[in-house]
Amino acid sequence: MTGIRMGIFSGGFFTTEAVWTALLVGGFAALVAAVAGVFTVMRGQSFAGHALADLGAVGGSGAFLLGVSQLWGFVGAGVLAAIVLEVIGLHRVRERDIATGIVFGFGLGLTALFLYLGTTLGHSSNQAVAVLFGSLFSIDPGVVGPVIGLGVLSLALVMLVSRWLSLEALDADIARARGVPVRLAGVLFMVALALAVELTALSIGAVLATALLIGPAACALQVTSRIPRAMWVAVVVGVGCTVLGIFISYESYAWSPGHRAWPASFCIVAIVFVCYLSTRVWNTVSAAMTRRRGVRRVGQVSERIREGN
Amino acid sequence: MFAPFMTDTWIAATIVALVAGCVGVFVVLRGDAFLAHAIPHGSFAGAAGAIFFGLSPLLGMGLAAAAAALVIAVLSRRGRRDAVTALLLALLLGMGVLFLTLSGQYSNQAYGLLFGQILGVSKGELVWVVLLGAVSIAGIFVLFRPLLYTSLLPEMAAASGAAPGGMTVAFSLILALATTASVPIVGALLMFSLLVGPPAAACVLAVTPGRALVWSVCGSLGIVWASIAISFGTDLPVGFCVATLSGVSYAVARGWVRARRRMTQTGRPDLESAR
Amino acid sequence: MRYGRIIGAALTLALLGAGLAGCSTNTQASGKIVAVGAENQYADVIRSIGGSQVKVTAILSNPNTDPHSFEASPKLASTLGSAQLVVRNGLGYDDWLTKLLKGTKTSDRTVISAQQVRHLPDSTKNPHLWYDPATMPAVATRIAAGLTKIRPAKKAYFAKNLATFTRSMSRYTDALATLKAAHPGLAVAATEPVANYLLDAVGADIKTPWSLQAAIMNGTDPSAQDSATQERLFTSREVNAFVYNEQVTSSLTTKYRKLAVAHGIPIVAVYETMPAGYGYVDWMVAEVHALQKAADSGTSTQKLAR
Amino acid sequence: MTAVHGEREPIVRISDAAVVLGGRTVWSQVGFDVQPGEFLGLIGTNGTGKTTLLRAILGTVPLAEGSIQVLGHARGRGHDLGYVPQKVVVDPDLPLRARDVVALGLDGAKVGLPLRTRSTWERVERALGAVDAQDLSERRIGRLSGGQQQRVLLAQSLVSDPKLVLLDEPLANLDPASVQEIVALLGRISRERNMAVILTAHDMNPLLPVLDRIVYLAKGHAAVGTTQEVARTDVLTRLYGSPIEVVTVHGRVVILPASGAPDTEAVHHSEPVQREPLP
């Protein structure tokens, strides 16, 4: 048995320290992202979620220019952008999308400016590029503490506003009538979203931040329409995909030529995408199946009515 | 500023502004800003893949953009396609990393395609921009009414025979076409800003879709020209100028409309009686 | 009419910009040959050969900038438009220049690419050619030929300068030979393959896996195994020096750097463009000396400064 | 078009149709014809599948059983059909005037340069005139009130002179005066143009003056006939499968769970009661 296992797998998965850090930080980030992701997908704010990852990087390069810590540059810019997005105060999905686009475009413009200033003022400016794909297997132990702290804060905020958001998702006016501070709920949620996105982007990369925020939640909302259950499903899917992705990436080192291991971000994103596709296919197929299985008769009422007429 | 080497830059910028102004109106009307961001950025994977397989990066970029457009259009559900877009963008970027890793080569070229050098436009590129830009503008004009109908009143459009699904596919492809030609020249940032900012401002200001189109084209032309001029004067990056002016144009348009509404009436117009 | 106003506004802005620019055009009033080096080390070599006959502009000269994310400014484009001689690295390292050269096509411009001079295929994995002791003498020869073509009258002058330069290169090769003799098979770790040609020339054993170097260079994810290998190099002190690219850093490279410092591995700072105060040959020699110091006494050179 | 017109072929022919959505049978064994110029009301409470039936006629919902023929073709869509969905949410900032919306009803599905002739605009103005909304022509659609939007959308469905118009809850969210006005308008247009109208409503009373027949949906089945034929205690009791009482008070039909019925609870859940106070 062990022989077979040795034959299939390269071994050392659980004895490598980098793997443990990746599993812990990646799993935790996936958990936080999945919880925040459920409301993000429900509210149609995937674009904002993605934009926040890149906008955080703007803060990262800005912080670098000012000589401030990268971490706080990320979090600061992310939270600021999140509040701006919410305060612009557009509540229709289409307008929100455009507002996000405008803020996003402006943020990217700032990146270009920082790159330019970096050239003229003489600072290094590679950070913005480096962050895109992160490095799950080489996490700086220094970020683990702040990442966990921010993650807990983000989870707490989402839990705090989750009832309000559930009611608001149903109908904003009903929520208002029930005394829900819709505006405050939106701002708090956006802050929670920003924290979740920034910590994920900072520790494991912007691409994974988007995938782990949207993917598991989108899968969960395909499977169930109850919010608490959707959160659980999303967490299981998110953490599961992360662990599996880390494992495949680790193993691919042994089988790929020249030890060009498949990047962990690709593995995780691909698994998340496959999960989403399968829930979509499952839904389509099951709908078609019930249609084909035919019509369940509701007694013989129709006949009786026809006789009556 | 009008030195010989700048001529092609002016021409290319003008064409890109025309294309972005036209296509952008529908980006805004359909709420497709995310798509406008995702398609050019996701096509990075195509460039990386093409380098890996030894093909032309531009070809790879175009193919990836078209494939992304199709997949997003097919998977989108009832106008809600943001989750699908996000996932596909992440997948494409992930594939880009995979290709870069597998090739193990120096990969500046793949990233470089996303940045673009508006000051380094060659005649050969110009031909492509004109060609693809003309096709996408023609597509927008020919499909103008069905696109409008399906994006604003999808159910009624479906009832009168304009398929919303088909229009989504068509528009995504037009967007892919427009960006493939423009991004290697002006960069993903500049193209994205132009596709969203001036058209959004135009849609706030204009009363009819036709006028929105005209305002949008004028706005993006003005922004691009002004940006090149400012960049020439101050040496600030063109992309930054375009992004800033685009954002400012939208903010000014919203502020203007709000101020005008406050000045002209105390109540809201929709409280007026039907007669 | 309303649109007229918009267009008018745009034109006003455009004219404003033109006024700011002052419509400066690059002239050859000084009678010097206008030459451009894509990276400042190439510019320095042009200066060595051309001497008083050339006016050289270096495009990338800030050693603290990441050259990968470079965006051209209009001033630069106009300089390229009037340049008679351009020297670049090639191999995709200065890919932006390819576009700019196409965009600013002139009839009589000599473009010398280190890649072409060395007859390297596009698939060459390490683009940092100037660390290779064979590169610059060949490039310098080509520069001298190019300058002679532009100004045949100064042929002797250029030939003399070329000879001086080639002779000065021996300081670099001698330093390499000394190090190689003193520390054969020196074990080193690296971040990016920046100085790999130098390391190859001294017969060093680069312990960092190529896949990790490529991942850092390209900004992609490193694998767990490579990352573990790299850390082991420091923790179990398997290397005598850590060759660190000071110019392109990320959280990943700073992490390794901290680890190296913690375990007393000397750091050798290397650069992608020439640091201020150095000439090309001085710079190369300084790098070799830094490596030698690390190997001899375990002394770090965290910054090349003058 | 002429073939349909000439004979007394029905505009819509639904035979033994059933729809299954999300594993649930919405309704089954639904069958009726709609004649040219007929005014048909689809009546039932929320969730009985009225909108689904309209969509089935449009062809946007797949049938699990049976068939639906519209204007002689397998499914609807096209120029002889007008449609106003139940909820149209229009952003206030859309660059679109009322007349642009109506014009889309005429040529929105047409490919080609977006240039409109004077005759197109004349037809648009006529359609707006038909619903007494000429004065809204130049206003932004998103800034109109609910009733005004409803009028404009109605004009949009009428502008192509369709043989059949499908209206989903056109009377919801309207004040009583507007309801009367719109009903009268619909009845007049239907008569004048010999245009069939299928309209959904949860309350049949305002429509009584114009309705030719009703389709009463409840419990997954439909009862079809004139108001007198369907709005009867015995028919609705059979349809619901529990005692129902239909009372006519001052010409208004009131449907109540039968007093003292054993399972009032069951009726209460799905009953179509118009809870209006007796006048």
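What to note about this one:
- Failed item, numbered, when D:G59 is tested on (1) of a type outside the set (A, V, I, L, M); (2) at the interface with another protein chain (Cβ under 10 Å from one of its Cβ atoms); (3) free of Cβ contacts under 8 Å to residues at least 24 places away in the same chain; (4) over 25 Å from A:M289 (Cβ atoms): (4)
- The set of residues from region C:204-263 being open to solvent by less than 30 Å² (accessible area, probe 1.4 Å) and at positive phi comprises just one member, C:G219.
- Listed by first and then second residue, the pairs with beta-carbon distance under 6 Å, at least 6 apart or on different chains, first residue in region B:180-208 and within 22 Å of C:G103 (Cβ to Cβ) and more than 13 Å from chain A (Cβ to nearest Cβ), second assigned to a helix (DSSP H, G or I) and charged (D, E, K, R), are B:I185/B:E125.
- Tabulated pairs, region B:27-42, first within 8 Å of another protein chain (Cβ to nearest Cβ), second open to solvent by 10 Å² or more (accessible area, probe 1.4 Å), C-beta under 6 angstrom, 6+ apart or interchain: B:L29/B:S151; B:R30/B:S151; B:G31/A:R94; B:G31/A:D97; B:A33/A:D97; B:F34/B:D82
- Counting only residues that are free of Cβ contacts under 8 Å to residues at least 40 places away in the same chain and either under 30 Å from C:P209 (Cβ atoms) or open to solvent by less than 30 Å² (accessible area, probe 1.4 Å) (or both), region C:98-115 holds 7 of them.
- Condition check for A:G215: within 15 Å of A:Y276 (Cβ to Cβ) and free of Cβ contacts under 8 Å to residues at least 60 places away in the same chain: no
- Taking the numbered list (1) within 22 Å of D:L236 (Cβ to Cβ); (2) at pLDDT 80 or above in turn, D:G47 passes all entries but (2).
- In region C:81-97, residue nearest to C:L199 (Cα to Cα) [restricted to those that are charged (D, E, K, R) and open to solvent by 10 Å² or more (accessible area, probe 1.4 Å)]: C:R88
- Residue match in region D:43-56 (condition: surrounded by fewer than 24 Cβ atoms within 10 Å (Cβ to Cβ), of a type in the set (A, V, I, L, M) and either free of Cβ contacts under 8 Å to residues at least 24 places away in the same chain or not in a loop (DSSP other than H, G, I, E, B) (or both)): no
- In region A:183-221, of all residues being open to solvent by 10 Å² or more (accessible area, probe 1.4 Å) and over 27 Å from A:W20 (Cα atoms), the one that is farthest from the other protein chains (Cβ to nearest Cβ) corresponds to A:L184.
- Exactly one residue out of C:A163, C:A144 is open to solvent by 30 Å² or more (accessible area, probe 1.4 Å) and in the same structural domain as C:I112 (by TED's automatic domain parsing), and it is C:A163.
- Answer residue from region D:186-214, given it is part of a strand (DSSP E or B) and of a type in the set (G, A, S) and is farthest from D:G44 (Cα to Cα) among those: D:A196
- Count of region D:96-146 residues, restricted to those that are touching an Asp or Glu at 6+ places or on another chain (Cβ under 8 Å), of a type in the set (A, V, I, L, M, F, W, C) and either facing chain B (nearest Cβ under 9 Å) or over 21 Å from D:P85 (Cα atoms) (or both), is 2.
- Selection status of C:D221, at pLDDT 85 or above and of a type in the set (D, E): no
- Of the residues C:S52, C:S48, C:S78, the single one that is open to solvent by 20 Å² or more (accessible area, probe 1.4 Å), of a type in the set (S, T, Y) and at pLDDT below 85 is C:S78.
- Among the residues of region B:227-249, some residue qualifies, meaning at least one is modelled with pLDDT of 90 or more, under 24 Å from A:I88 (Cα atoms), hydrophobic (A, V, I, L, M, F, W, C) and surrounded by fewer than 22 Cβ atoms within 10 Å (Cβ to Cβ).
- Residue match in region A:119-142 (condition: within 14 Å of chain B (Cβ to nearest Cβ), modelled with pLDDT under 70, surrounded by fewer than 19 Cβ atoms within 10 Å (Cβ to Cβ) and assigned to a helix (DSSP H, G or I)): yes
- Across region D:74-83, not a single residue is classified as part of a loop (DSSP other than H, G, I, E, B), at pLDDT 85 or above and surrounded by fewer than 22 Cβ atoms within 10 Å (Cβ to Cβ).
The values are calculated or read from the model by the stated rules, or taken from the named source; none is laboratory data. Every value quoted in this text rests on a predicted model; they were computed, and no experiment measured them. Positions of Cβ are generated from backbone atoms using ideal geometry, with glycine treated the same way; all protein chains shown enter the neighbour counts. Ligands, DNA and RNA are stripped out before the accessible areas are found, and what is left, the full protein with its side chains, is counted by its heavy atoms. Shrake-Rupley method; radii C 1.70, N 1.55, O 1.52, S 1.80 Å.
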